[in-house]
Amino acid sequence: MATSWVEGAEGSAFPLANLPYGVVSGAELPDGGVVVRIGNHGLRLASLAGAGLLDDAVPSASTLFAKPSLDALLAAGPQVWQALRTRVSELLTRGGDEQALTAPSVVPLVGTTVHLPFTVADYVDFYSSQQHAENVGTIFRPDAPSLPENWKHLPIGYHGRAGTVVVSGTPVVRPLGQRKPRGAPSPSFGPSQRLDIECEVAFVVGVGSQAGEPVPTSAFTEHVFGVMLLNDWSARDIQAWEYQPLGPFLGKSFATSVSPWVVPLAGLAGARVDPPTQDPPVFDYLVDPDPWALDLELEIRLNGTVVSRPPFRTQYWTPGQQLAHLTVNGASLRTGDVFASGTVTGPLREQRGSFLELSWGGQEPFALDDGTTRTFLEDGDTVSISGWAMGTDGSRIGFGEVVGTVLPARFDPHHPHHPAHPSR
């Protein structure tokens, strides 16, 4: 098994078998740049390209990394992705002259700032955990079937707001909106009182597709570059009042946080497992000739307390099926599209992927290590979602964290032009 000469790489969450991509800035990268993470260091790809160390594998490397963004690399396609990964692996394992030439491009990540690594083109969020869908259905619609009639026939999703996808560490301002609790005589306006999170896994599209041409499940790796973690912040009281009949809108669109590192699909080869059995049988366009799911272990922390560990392998709909359904009507893919799994929830209480479920709609507060309890988020709370997978060599493949802290709503009910002012 090959090991890297970078100190601390092996045994970390970012070993040679991982090699995720991100964009960072710091003292040695004042304008920011694309790096491959190895341990707690970043390999500067523009520096390697400038030294000619990538020319044989990727002749266009100098243009791919001319800007602090993954956009050009995502669009380059799977042959370039694999050639670059192979070459980077060589440079990080070979000693002698190649190590000496590569070492100046390796910088510590301590003290650097992470950035959103690519331009988000479109954002789609699915609803693919049966346990989550049943829990939410029971909480929101106690007098109706927990699963909608269509749920096991197609991957349900909604089209989100790409402009409010933010990188880990970006604070989240409590949203304003209309709410109407069950039994209330009329709606009210103000800050959300039931602010929630959703622990999700996101897939990043590299190569786009032509409008009018569906992408089959078998073409997943031709289009999808890699995987990130995602927190779909959700204002449950706003959502519950607005979502019928057209689905989520202001209850979701205020913020979506993603982890700063994109783990390439090649780094997750060891995490592929058989997907769950689907019954009833799906339509032909959702049949994958080589079906697979991902075995990822996720963890949710609230103010440092582990409150849930959802297992991604239990998702009913697979990533390939999500992509096929997303495009079956002829909708095109674009470089930088992000589609997310929907909340990841397992069959056990301690595997629930949202606070709506953990507190069962606010009826069952859960405890934190500091002695306090929560149902939904309070101002100042910090949520961290992390995850890992098993590598083909037995190593642990990490994703880093997606972190967000809740800030108070920007709300002045006494301003005469504010919608909630008594005179209006």
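Only the coordinates and a few stated rules stand behind these numbers; no lab work does. Predicted, not measured: the structure shown is a model, and the values here were computed from it. A quick note on method: Cβ atoms are made from the backbone with ideal geometry, for glycine too, and the neighbour counts reach across all protein chains shown.
A full extension of the chain between Arg313 and Arg94 corresponds to an added length of 75.3 nm, given 0.36 nm per residue minus the alpha carbon distance.
For Leu407 and Thr305, the FRET efficiency from 1/(1 + (r/R0)^6), where r spans their Cβ atoms and R0 equals 22 Å, is about 0.60.
Annotation: amide H-H contacts under 5 Å for His41 (H modelled 1.01 Å from N, sequence separation of 5 or more, or interchain): Leu109.
Does the range 21-115 classify as rounded, prolate or oblate by the C-alpha gyration tensor (a ≥ b ≥ c root eigenvalues; a/c under 1.5 gives rounded; else a/b over b/c gives prolate, otherwise oblate)? Don't skip to the end; give the middle numbers.
Values: a/c = 1.69, a/b = 1.10, b/c = 1.54.
The shape class here is oblate.
Relative to the current alpha-carbon distance between Asn329 and Lys67, full extension at 0.36 nm per residue lengthens the span by 90.9 nm.
Of the residues Leu407, Leu323, Leu70, the one that moves most in a GNM of the chain with alpha-carbon contacts below 10 Å is Leu407.
Could you compute the FRET efficiency for Glu149 and Phe249, with r as their C-beta to C-beta distance and R0 at 22 Å, rounded to 0.05? The pair Glu149/Phe249 has a calculated efficiency of 0.45.
Expressed as a fraction of 2.2 N^0.38 Å, the value expected for a compact globular protein of N residues, the C-alpha radius of gyration of the range 294-424 is 1.39. Over the chain, the ratio between the Cα radius of gyration and 2.2 N^0.38 Å evaluates to 1.01. Take every Cα pair under 8 Å whose residues are at least 6 apart in sequence, average their separation, divide by the length of the chain, and the relative contact order is 21 percent. For the range 107-203, the set of GluC sites (Glu not before Pro) satisfying both a DSSP loop assignment and a count of at most 15 other C-beta atoms within 10 Å is given as Glu149. The length gained by stretching the chain between Thr119 and Ala103 to full extension, at 0.36 nm per residue less their Cα-Cα distance, is 2.8 nm. Measuring r between the beta carbons of Thr3 and Asp31 and using R0 = 35 Å, the FRET efficiency lands at 0.60.
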